[in-house]
1. Leaving out ligands and nucleic acids, and using a 1.4 Å probe, what accessible area per residue does the chain come to in Å²?
2. Grab every C-alpha pair in segment 49-124, bin the distances at 5 angstrom width from 0 up to the longest one, and report whole percents.
3. Taking the Cα atoms of segment 5-49, report the difference between the largest and smallest coordinate on each principal axis, in whole Å and largest first.
4. Whole angstrom only: what separates the Cα centroid of segment 196-256 from the Cα centroid of segment 137-190?
5. Taking the Cβ of Asn241 as the centre, find all other residues whose Cβ is under 13 Å away and add up their charges (Lys, Arg: +1; Asp, Glu: -1).
6. Helix 207-216: angle to the longest alpha-carbon principal axis of the chain, degrees 0 to 90, nearest 10?
7. Under 17 Å Cα-Cα from Lys148, which aspartates and glutamates qualify once same-chain neighbours fewer than 8 residues away are excluded?
8. Any lysines with Cα under 18 Å of the Lys62 Cα? List them, leaving off those in the same chain fewer than 8 positions away.
Amino acid sequence: MDLQVRQEGDYQYIDEGEGEVLLLLHGLFGALSNWNGVVDHFSKNYRVVIPLMPIYEMPLHKAGVPGLVNFVEGFVKLKKLRDLTLLGNSLGGHVALVYTLDNPTMVKRLVLTGSSGLFEDSMGGSFPKRGNYAYVEERVGYTFYDPKTATRELVDEVFSITNSNAKCLRIISIAKSAQRHNMAKDITNIQVPTLLIWGLNDTITPPLVAYEFNRLIKNSDLYFIDKCGHAPMMEHPEKFNSILEKYLERTPIASPV
């Protein structure tokens, strides 16, 4: 489906469907389009909302996990959202974890897929070389089990990002912030039902990371998708949606009295 990007104040976002709110957070090199399959499937019965994270535009001194959490807090307040099912991929998962800990009454369910927060091998252990399209294409392909999932449009987008000094500075700042901010001691305090959907072949946040999240978050369920890398909702959208849908049905949000 063609997603309509809305603008309100400083926020650009997708807002499709009606019902319980699914708030989706993309990762460091992510985009609204990463969640196309989720929006298409769930907007029939849920309200699916995706803010465009200001990764490449935010003030450099705020370019980090705390700054992105503040951004999400401001967006949720502006849109008057509540009783959230919060989904995060990669860096978006990290932001979702911190938001949940800082705003425990706002989140009713948490869904993490390829989340950072414990360990991540960013871009395959090296930062994209500027001006080298073949290298960027290889590194983007490394995100997925099947490199063909990395479309020409996606590679072009990342290539453009890596050729901007201003954007690169922010990416480096945010990536360092995420790596410094290990959440092993904090996430034991998460109480909400948590779903972990992981690619069995994720090389950036490997399966061991998923097992560790599952061990540290008491009320969590872990599902692996085979022949799948760091972005299950992109590489295997039907399997991802099936796991998520069954989980949402199994963990209903209590209606307010």
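The values are calculated or read from the model by the stated rules, or taken from the named source; none is laboratory data. Given the structure is predicted, the values throughout are model-derived calculations rather than measurements. Counting neighbours? That spans all protein chains shown, and the Cβs are built from the backbone with ideal geometry, glycine included. Protein only, heavy atoms only, side chains kept; ligands, DNA and RNA dropped before computing areas. Shrake-Rupley method; radii C 1.70, N 1.55, O 1.52, S 1.80 Å.
1. Per residue, the chain has 46 Å² of solvent-accessible surface.
2. Going out from 0 Å in 5 Å bins, segment 49-124 shows 3, 15, 27, 27, 18, 7, 2, 0 percent.
3. 27, 23, 14
4. Result: 19 Å between the Cα centres.
5. Taking every Cβ under 13 Å from that of Asn241, the sum is -2.
6. Result, in degrees: 30.
7. Here the aspartates and glutamates satisfying the reach criterion relative to Lys148 are Glu137, Glu138, Asp156, Glu157, Asp202, Asp226, Glu235.
8. Lys167, Lys176
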